Amino acid sequence: MSLTKYRHLFPITKEYAYLNHAATAPYSVPVARAMDDFITNRHRRGGLDIQKWEDRLEKVRELVAQLIAAAPEEIAFTSNTSHSLNVVASGIDWRQGDNLIGAETEFPANVYPWSNLQRLGVEVRFAPAHDNRILVEDIAALMDEHTRLVALSFVEFATGFRNDLRAIGQLCWERGIYFCVDGIQGLGALDLKVTQSPIDFLAAGGPKWLMGPIGAGFLYCRRALIEKLIPIRVGWWGVVDRDDYFRYDSPLRDDARRFEEGSLNLLGIHGLGASLELLLEVGIPRIEERVLGLTDHLIAGLQERGYHITTPLASPQERSGIVCFNHPHHALDDLEQQLSKARVIISKRGQVIRVSPHFYNDETDIDQLLSALP
Ligand SMILES: Cc1ncc(COP(=O)(O)O)c(C=O)c1O
């Protein structure tokens, strides 16, 4: 399988071994072009072509839906993952004494919207990690008759552990507990279909594995829950008669667009659309295979050189595009400096170096990293 033909769409490859998609991705040529087109159009024609951009918005909504096997009516555009999670957190009819379950290795974006509910008397429980793995049985053990929601990431940001969404979703489904997933560390690189895992809400932002612009994200809300979620942020954009400016009593739309309260980030969404078109053309299963192949190559090379991999490796189903490592004798700052000198772009997270290649990377990028390590 050759994905080499896509490499030229990422000019950054000429300068860097860019292995940092778990932080932010570079814009591909199609994304940069799409955004240039939008800016040029607005520059020359102001709002004259607004209908064209609003039609495009609906096209991008279809692309998001296609990515996760949802219906376009189940997708709301948001600014970022946090915005999406807050729509969910503020939309549930919490009762004093309710609880929800997260995990202790979550990125803070998937903690604050939930801990903010403590003021309503909601208890937040954290599943522990064992060797960086979140165990389904630990989630199950934390559940009781007052549990209303489980909030987990598709992939944990600082370990690369891929949660078993199917098993956890099943547990939630059987007990009538909402399941909310932060998808940003997997979507775009790993296959996730809401038809195959019982997920109620799926939140993501564009700039990581989806390789879109910053400031464009989305929320998937399961069809049956759209009108159950209390719409806390409402506005003219989300009502049925949006263009009837002097009607103040229009009902909210009956689809997820009711959560879009005002004018959207058309530039960012257009850019995100260009990236989704590319990712879907390549095919997510092919991308996943490629990303896992590159991380296999990386892991083998690191182990050969005596590095300690902190990402759980026991089961292929738990792997993702993220690999984290450290060394018993080399300081992290030194490793980071050596890599930076060799034009290898990675992130330091806590006590590890985090590497996150995407489909257009190849073995030469990984080898550039390996040969820069002491
Ligand atoms: C798991 C996870 N969720 C969310 C975010 C970012 O949140 P937002 O899109 O709100 O900026 C990150 C990383 O920055 C992350 O790793």
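The values are calculated or read from the model by the stated rules, or taken from the named source; none is laboratory data. Everything numeric here is computed off the predicted structure, so don't read it as measured data. Positions of Cβ are generated from backbone atoms using ideal geometry, with glycine treated the same way; all protein chains shown enter the neighbour counts. Ligands, DNA and RNA are stripped out before the accessible areas are found, and what is left, the full protein with its side chains, is counted by its heavy atoms. Shrake-Rupley method; radii C 1.70, N 1.55, O 1.52, S 1.80 Å.
Exactly one of these conditions fails for V150: (1) buried (at least 18 other Cβ atoms within 10 Å of the Cβ); (2) more than 16 Å from the ligand (Cβ to nearest atom); (3) among the β-branched types (V, I, T); (4) under 25 Å from D191 (Cβ atoms). Give me its number.
All conditions pass for V150, except number (2).
With T295, T364, T311 as the choices, which residue is of a type in the set (V, I, T), within 29 Å of P213 (Cβ to Cβ) and over 22 Å from the mean Cα position of the chain (by Cα)?
T364
Just wondering, is there one or more residues in the stretch 94-107 that are part of a helix (DSSP H, G or I) and either under 24 Å from the mean Cα position of the chain (by Cα) or away from the ligand (no atom under 11 Å from the Cβ) (or both)?
Within the stretch 94-107 (the criterion being part of a helix (DSSP H, G or I) and either under 24 Å from the mean Cα position of the chain (by Cα) or away from the ligand (no atom under 11 Å from the Cβ) (or both)), the answer is no, since none of the residues qualifies.
Please determine whether any residue of the stretch 31-39 is of a type outside the set (A, V, I, L, M, F, W, C), open to solvent by less than 40 Å² (accessible area, probe 1.4 Å) and touching a helix residue (DSSP H, G or I) at 6+ places or on another chain (Cβ under 9 Å).
No, that holds for no residue.
Can you find a residue in the stretch 159-173 that is open to solvent by 30 Å² or more (accessible area, probe 1.4 Å) and more than 29 Å from H358 (Cβ to Cβ)?
yes
Taking only the stretch 125-147 into account, find how many residues are within 16 Å of the ligand (Cβ to nearest atom) and either in a helix (DSSP H, G or I) or open to solvent by 80 Å² or more (accessible area, probe 1.4 Å) (or both).
Selection size over the stretch 125-147: 1.
Among N86, N116, which is the only one that is away from the ligand (no atom under 13 Å from the Cβ), at pLDDT 95 or above, more than 21 Å from E145 (Cα to Cα) and assigned by TED's automatic domain parsing to the domain that holds I232?
Criteria check complete, one pass: N116.
In this structure, is R61 part of a helix (DSSP H, G or I), of a type outside the set (G, A, S) and open to solvent by 40 Å² or more (accessible area, probe 1.4 Å)?
no
Please work out which residue is nearest to the ligand (Cβ to nearest atom), limiting yourself to the stretch 207-225 and to residues that are open to solvent by less than 10 Å² (accessible area, probe 1.4 Å) and not in a loop (DSSP other than H, G, I, E, B).
By that ranking, first place goes to G217.
Starting from the stretch 284-309, take each residue that is more than 14 Å from S356 (Cα to Cα) and list its partners that are open to solvent by 50 Å² or more (accessible area, probe 1.4 Å) and outside any helix (DSSP H, G or I), counting only C-beta distances under 6 angstrom and pairs at least six apart or across chains.
I284/D191; P285/D191
For the stretch 41-49, check the following and say yes or no: at least one residue is assigned to a helix (DSSP H, G or I) and within 21 Å of the chain's Cα centre (by Cα).
no
Every residue, every condition in (1) of a type in the set (D, E, K, R); (2) in contact with a Phe, Trp or Tyr (Cβ under 8 Å, 6 or more places away or on another chain); (3) within 16 Å of the ligand (Cβ to nearest atom), yes or no:
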residue	(1), (2), (3)
T4	no, no, no
H8	no, no, no
P11	no, no, no
Y18	no, yes, no
T24	no, no, yes
S28	no, yes, no
V31	no, no, no
D36	yes, no, no
I39	no, no, no
